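The values are calculated or read from the model by the stated rules, or taken from the named source; none is laboratory data. Owing to the predicted nature of the structure, the values given are computational and were not obtained by experimental measurement. As a convention, Cβ positions derive from the backbone with ideal geometry for all residues, glycine included, and neighbour counts pool all protein chains shown.
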Amino acid sequence: MPAKIMVRYGEIALKGKNRGQFEQQLQRNLNSALKDFPATVKRLHGRFMVSGPEEQRETMQQRLSKVFGVVSLSPVKEAGLDLEEIKQLALEMVGNMPPERNKFRIKTRRANKDFPHPSPEINQLLGSYLQQHFPRLVVDLKQPSFILSVEIGYDKAYLYLERIAGPGGLPVGITGRGLLLLSGGIDSPVAGWLAMKRGLALEAIHFHSYPFTSRRSQEKAVDLCRKLALSCESIPLHMISLTNIQKELRSQCPEDLSIILLRRIMLRLAELLSARQKLQALVTGESLGQVASQTLESITVTAKSTGMLILRPLLGMDKKEIVDKATAVDTYNISILPYEDCCTLFLPKNPVTRPKLEVVENYEAKLNLDDLLEEAIGSTETIIVKS
Ligand code: ATP
Ligand code: MG
């Protein structure tokens, strides 16, 4: 018997054409999450049904529970559309339950209205049947120790006891394509995760200053991408060297403006790359007020270097909330590894917190910006990072 896994997705906000697109994209993403397994994904009364080898059920469930758009999933057992068959299957499933879990309720959902018994009646018939066989069982609608769920479909009935949470959100790819500015820090991977949760397919860009920063700091970016790629198929990661630009900034510009100048250059390079890769928005891990480069004034002056939309999914989050999320999505332990980032390398002692656009632009005018940008873009190395 193949393992069957029922996959549920959010449907409340889905209407008309959106719904069809959502379902198609989700089905593609489920298929690609399972491409290493001999599994199939079928549509079923507002859910998906995955079939695959029983020995790989746990691993398939793990993969599916990371796919955006999935609200929850359950390993299910199938019975024919017949009350007696359903009772027998329920008996078998509940019989395997540890005896201390004796408070229960049954929840039936009848998608197929041709089935002769309405949901409350099924609850009742099945409940009293189980109690006859297992006198220890008591019905407890408020705090049951297990819920036996029954879904009456068009070909089969599905029974399950377990519900595994998915991440929710929208299927990756449905809202467009973005470029994540990925440092080695705690924030930007979380920003990327949240952007993907809203359906954005991502490429990532990482700036380094090799040989001033170590190869390990670049590997860190790869490792972070690998974690993020668990929620999509793969993430192209573009590595760009800022070494010469940083040298130039050091010799031409005041130290206290170096971060803001560097940030503006990062955005320009991100924009050039986006044009090449047809990406529609930038995603950063900026929050508000966290550090000198993230005052409202700094963010404003930084953003003026590009015409692209910049998404900042972390804007409303406190550091603690970001750390909790980084832990939950498993990027935190990579982020805290101590390899230097190109920004920390030349960190000014007293960065300007209220930069003036004219002042910043005056210094930029002294740089041979076009050549520097072209040279940096020329240094791009791209790796396709898979989970
Ligand atoms: P993070 O933890 O993501 O590094 P942060 O709180 O340290 O964020 P900053 O160092 O001010 O914040 O960086 C702000 C944002 O700029 C980052 O979240 C990231 O999106 C982008 N960024 C910074 N450094 C780099 C880098 N080396 N490569 C790519 N993007 C970067
Ligand atoms: Mg940082």
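Summary of computed values
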read-out: Test: residue in segment 269-283 that is touching a residue at least 12 places away in the same chain (Cβ under 8 Å), more than 28 Å from Ser32 (Cβ to Cβ) and within 16 Å of ligand 2 (Cβ to nearest atom); value: no
read-out: Residue under evaluation Asp318, criteria (1) within 20 Å of the chain's Cα centre (by Cα); (2) at pLDDT 95 or above, criterion not met; value: (2)
read-out: Residues that are within 27 Å of Pro167 (Cβ to Cβ) and part of a loop (DSSP other than H, G, I, E, B), drawn from segment 72-113; value: Ala111
read-out: Residue in segment 222-229 that is away from ligand 2 (no atom under 16 Å from the Cβ), buried (at least 18 other Cβ atoms within 10 Å of the Cβ) and under 9 Å from the mean Cα position of the chain (by Cα) present; value: yes
read-out: Some residue of segment 125-133 being under 30 Å from Gly199 (Cβ atoms), crowded, with 20+ Cβ neighbours inside 10 Å and not assigned by TED's automatic domain parsing to the domain that holds Val329; value: no
read-out: Subset of segment 124-162 (residues that are over 30 Å from the mean Cα position of the chain (by Cα) and aromatic (Phe, Trp, Tyr)); value: Tyr129, Phe134, Tyr154
read-out: Qualifying residues in segment 284-298 (those that are β-branched (Val, Ile, Thr) and at pLDDT below 95) - the one nearest to ligand 2 (Cβ to nearest atom); value: Val291
read-out: Residue pairs meeting the criteria (Cβ under 7 Å; at least 6 apart or on separate chains; first touching a residue at least 60 places away in the same chain (Cβ under 8 Å), in segment 56-70; second charged (D, E, K, R)); value: Phe68/Lys197
read-out: Count of residues meeting criterion [surrounded by 13 or more Cβ atoms within 10 Å (Cβ to Cβ), within 16 Å of ligand 1 (Cβ to nearest atom) and without any contact (Cβ under 8 Å) to a residue 24 or more places away in the chain] in segment 335-363; value: 1
read-out: Residue among Lys320, Lys366 that is out of contact with any Ser or Thr (no Cβ under 9 Å at 6 or more places or on another chain), in contact (Cβ under 8 Å) with a residue 24 or more places away in the chain and either away from ligand 1 (no atom under 14 Å from the Cβ) or not aromatic (Phe, Trp, Tyr) (or both); value: Lys366
read-out: Residue among Ala111, Ala165, Ala195 that alone is outside the structural domain of Gly46 (by TED's automatic domain parsing), in contact with a Gly (Cβ under 7 Å, 6 or more places away or on another chain), modelled with pLDDT of 95 or more and not aromatic (Phe, Trp, Tyr); value: Ala195
